[in-house]
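First the structure, in the form of C-alpha cells, and then the observations on it.
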Amino acid sequence: MMEAKKVMLSGIQPSGELHLGNYLGPLRHWPSMIEEFDCYFFLADLHTITVRQDPAALRRRTLSLLASYIACGLDPEKCVLFIQSHVPAHSQLTWVLNCYTMFGELSRMTQFKDKSARNADNINAGLFTYPVLMASDILLYQPDFVPVGEDQKQHVEICRDIANRFNGVYGDVFKVPEPYIARVGARIMSLSTPESKMSKSQPEGCVFLLEKPEDILRKFKRAVTDSDTERCVRYAPAEKPGVSNLVQIYAAATGKTYEDVEREFDGQGYGKFKPAVGEAVVEVLRPIREKTEQLLADKAYLEQVYRAGAERASYLAGKTLRKVYKKVGFLPG
Ligand code: TYM
C-alpha cells in the first residue's frame with residue numbers, strides 16, 4: 001500500500017512587505033517541499049490586527065504576498081495557498097484552545113514581551129493569545145512539519161504543548177507537529193544593527209523582496225561590519241556578528257557553504273565582499289520581483305487562486321474542527 005504523503009504547513013503575516021529574512025529563512029525552502037509533501041501555505045491576516053493596520057494597505061499587501069508566494073515557486077496547482085480569514089475554522093478552534101492554554105505559559109512568550117514593549121499603548125488580548133491562534137492554524141491541518149525561522153520556534157513549541165494537553169484529555173485528536181528549521185538562514189540579522197534580527201520594524205537594516213536593485217545594493221554597501229582589526233571574511237557570529245550575517249546571507253543566496261564563502265573571499269577586505277553579497281541578493285530577488293509584478297496585474301487569477309485555496313483548506317480544517325467540537329461535548333448543529 002502506498003504511504004500517505006506527510007503534511008507540511010506554514011504562514012507569513014502580511015503585516016509588512018516580505019523581507020529577506022522571510023525569504024532566506026523559511027520561504028525559499030517551500031517550493032522544493034511541494035513535490036514531497038501535502039503543503040498548505042497561508043497568509044496570516046488575522047494575526048496582523050494585533051497591531052493596528054491601515055485597511056487598504058493590508059488588503060494590498062495580502063494580495064501582493066500571495067503573488068510573491070506564487071512567484072517564489074509555490075505552484076497553486078501543487079499546493080494549497082489560502083488566506084487565513086477565509087477559513088473561519090481558525091477563529092473557531094482558537095476559542096476552544098484558549099480554554100486549554102494557561103495564562104502563565106502565554107506570559108512567558110518572548111514575542112509577547114517584545115511586542116508589548118514596542119506597543120505599550122495597545123497591549124490587547126489578541127497580542128497575548130496570538131500563539132493560540134497560531135496553534136489553531138497548525139493543528140487544524142494535522143501537519144507533520146511546520147517550517148519556520150528560529151524566532152517562531154517557541155510558538156511551535158507551545159502549539160505542541162497545547163496539542164499534548166488536549167490529546168491527554170480526549171485521546172489522539174491532534175497530530176503533534178515538529179518545527180522544521182533550516183540551518184543556514186534561520187535567523188537573518190539586520191544590516192544596520194546585526195545584534196537584532198532583520199525585521200520590517202527596522203526598515204534601514206531590512207531588505208524587502210520587491211525593493212529596487214539599486215536600493216538593495218546601497219543597503220549592502222552600507223551594511224555594518226565589525227570593528228575588529230582582523231578585517232577578514234569569516235563566519236564567527238559571537239565575535240563578528242555583522243560579517244557573519246553577510247556570510248550567512250551570501251551562503252543562503254548562492255547555495256554555498258560558509259567554508260566556500262570564506263575561501264572565495266580569502267585575503268579580500270570587506271570593501272569587495274559587501275557589494276558581492278548585494279549583487280548575489282539582487283540576482284536571487286530579480287525574477288521574484290518581476291514575476292510578482294506580472295501576477296499582480298492579473299487580479300482575477302489571484303482571486304481564483306485564493307478562492308480555490310480556501311475551499312480546499314476549509315475541507316480539511318472543517319473535519320478537524322468537527323472532531324474537536326464533538327470531543328468537548330458540543331451538540332452537532
Ligand atoms: P512572520 O510573519 O513574522 O514571519 C514569517 C516567517 O519568516 C521567518 N522570519 C525569519 N527567518 C529568518 N530570519 C529573520 N530575520 C526572520 N524574520 C522572520 C519567521 O520565523 C516565519 O517563519 N506567527 C508567524 C506567522 C504564522 C505562522 C502560523 C507560521 C501564523 N500562523 C502557523 C507557521 C505556522 C509570524 O508572525 O511569522
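Within the set of other residues whose C-beta is less than 11 Å from the C-beta of residue 232, count the net charge using Lys and Arg as +1 and Asp and Glu as -1. Before the final figure, lay out each step's value.
Values: positive: 231, 234, 240; negative: 226, 228, 230, 262, 266.
Its environment carries a net charge of -2.
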statement: In deg cm²/dmol, rounded to the nearest 500, the helical mean residue ellipticity at 222 nm of the chain, built from -39500 (n - 2.57) for every DSSP H run of length 4 or more, is -16500 deg cm²/dmol
field: Karplus-derived 3J(HN,Hα), 6.51/-1.76/1.60, for each residue of the range 235-240, Hz, glycine and proline x
entry: 8, 8, x, 5, 8, 10
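Counting DSSP beta bridges with both partners in the chain, what percentage is antiparallel, nearest 5?
On the way: 2 of 16 bridges.
About 10 percent, rounded to the nearest 5.
Less than 13 Å Cβ to Cβ from residue 262, Lys/Arg counted +1 and Asp/Glu -1: what total charge do the surrounding residues give? Don't skip to the end; give the middle numbers.
On the way: positive: 234, 240, 256, 263; negative: 230, 259, 260, 264, 266.
Once positives and negatives cancel, what remains is -1.
When the Cα atoms of the chain are enclosed in a convex hull and the volume is divided per residue, what value in Å³ results?
Values: hull volume 52.0 nm³, N = 333.
Each residue corresponds to 156 Å³ of Cα convex hull volume.
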- prompt: Which residues' amide hydrogens lie under 5 Å from the amide hydrogen of residue 19, considering only partners 5 or more residues apart or on another chain, with H built in the peptide plane?
  reply: 209
statement: Heavy-atom accessible area per residue of the range 153-255, all protein chains kept, 1.4 Å probe, expressed in Å², is 46
query: Can you run phi through the Karplus equation (6.51, -1.76, 1.60; θ = phi - 60°) for the range 133-150 and list ³J(HN,Hα) in whole Hz, with x for Gly and Pro?
result: 5, 5, 5, 5, 3, 6, 5, 4, 9, 6, x, 7, 10, 10, x, 9, x, 3
- line: Surrounding charge for residue 131, neighbours by C-beta under 11 angstrom, Lys/Arg +1, Asp/Glu -1, total -3
field: Accessible area (Å², 1.4 Å probe, nearest 10) - residue 99
entry: 80
task: For the range 112-177, give the percent of accessible area contributed by carbon and sulfur heavy atoms, probe 1.4 Å, rounded to a whole number.
output: 48
field: Across the chain: Cys residues that no other cysteine approaches within a C-beta distance under 4.7 Å
entry: 72, 99, 159, 206, 232
task: Please determine, in degrees from 0 to 90 and to the nearest 10, the orientation of helix 153-170 with respect to the longest principal axis defined by the Cα atoms of the chain, where the helix direction is its Cα long axis.
output: 20
message: 5 Å is the cut-off here: which amide hydrogens, built 1.01 Å from N in the peptide plane, fall below it relative to residue 7, excluding neighbours closer than 5 in sequence?
response: 38, 144, 145
- request: Work out the charge dipole of the range 197-255 with +1 on the Cβ of Lys and Arg and -1 on the Cβ of Asp and Glu about the Cα centre, then indicate which of 229, 201, 255 is farthest towards its positive end.
  value: 201
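Starting from the Cα gyration tensor of the range 95-189, take the square roots of the eigenvalues, sort them a ≥ b ≥ c, and report rounded, prolate or oblate (rounded when a/c is under 1.5, otherwise prolate if a/b is larger than b/c, else oblate). Intermediate values should be presented prior to the final figure.
Numbers: a/c = 2.45, a/b = 1.14, b/c = 2.14.
Verdict is oblate for the range 95-189.
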Hz values of 3J(HN,Hα) by residue in the range 22-33 - Karplus curve (6.51, -1.76, 1.60), Gly and Pro given as x: 4, 6, 6, x, x, 4, 5, 7, 5, x, 6, 8
message: 5 Å is the cut-off here: which amide hydrogens, built 1.01 Å from N in the peptide plane, fall below it relative to residue 197, excluding neighbours closer than 5 in sequence?
response: 190
message: Could you work out what % of the accessible surface of the range 234-333 is carbon and sulfur, using a 1.4 angstrom probe and leaving DNA, RNA and ligands out of the count?
response: 52
- request: Output the relative contact order of the chain, whole-number percent, from Cα pairs under 8 angstrom with separation of 6+ residues.
  value: 22
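Give the carbon-plus-sulfur fraction of the accessible surface of the range 43-103 in %, rounded to a whole number; probe 1.4 Å, heavy atoms of protein chains only.
Values: 1560 of 2580 Å².
Heavy-atom surface of the range 43-103 belonging to carbon and sulfur, 1.4 Å probe: 60 percent.
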Loop-exposed GluC sites (Glu not before Pro) per DSSP, neighbour cap 16 Cβ within 10 angstrom, longest uninterrupted part of the chain: 78-194
- request: Specify which residue in the list 44, 241, 190 is farthest towards the positive end of the charge dipole of the chain, using unit charges on the beta carbon of Lys, Arg (+1) and Asp, Glu (-1), about the Cα centre.
  value: 44
query: So, in Å, what gap is there between the alpha-carbon centers of the range 59-111 and the range 172-245?
result: 24
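The values are calculated or read from the model by the stated rules, or taken from the named source; none is laboratory data. Keep in mind the model is a prediction, meaning the values are calculated, not measured. Cβ: placed from backbone, ideal geometry, glycine included. Neighbour counts: every protein chain shown. Ligands, DNA and RNA are excluded from the accessible area calculation, which covers all protein heavy atoms including side chains. Shrake-Rupley method; radii C 1.70, N 1.55, O 1.52, S 1.80 Å.
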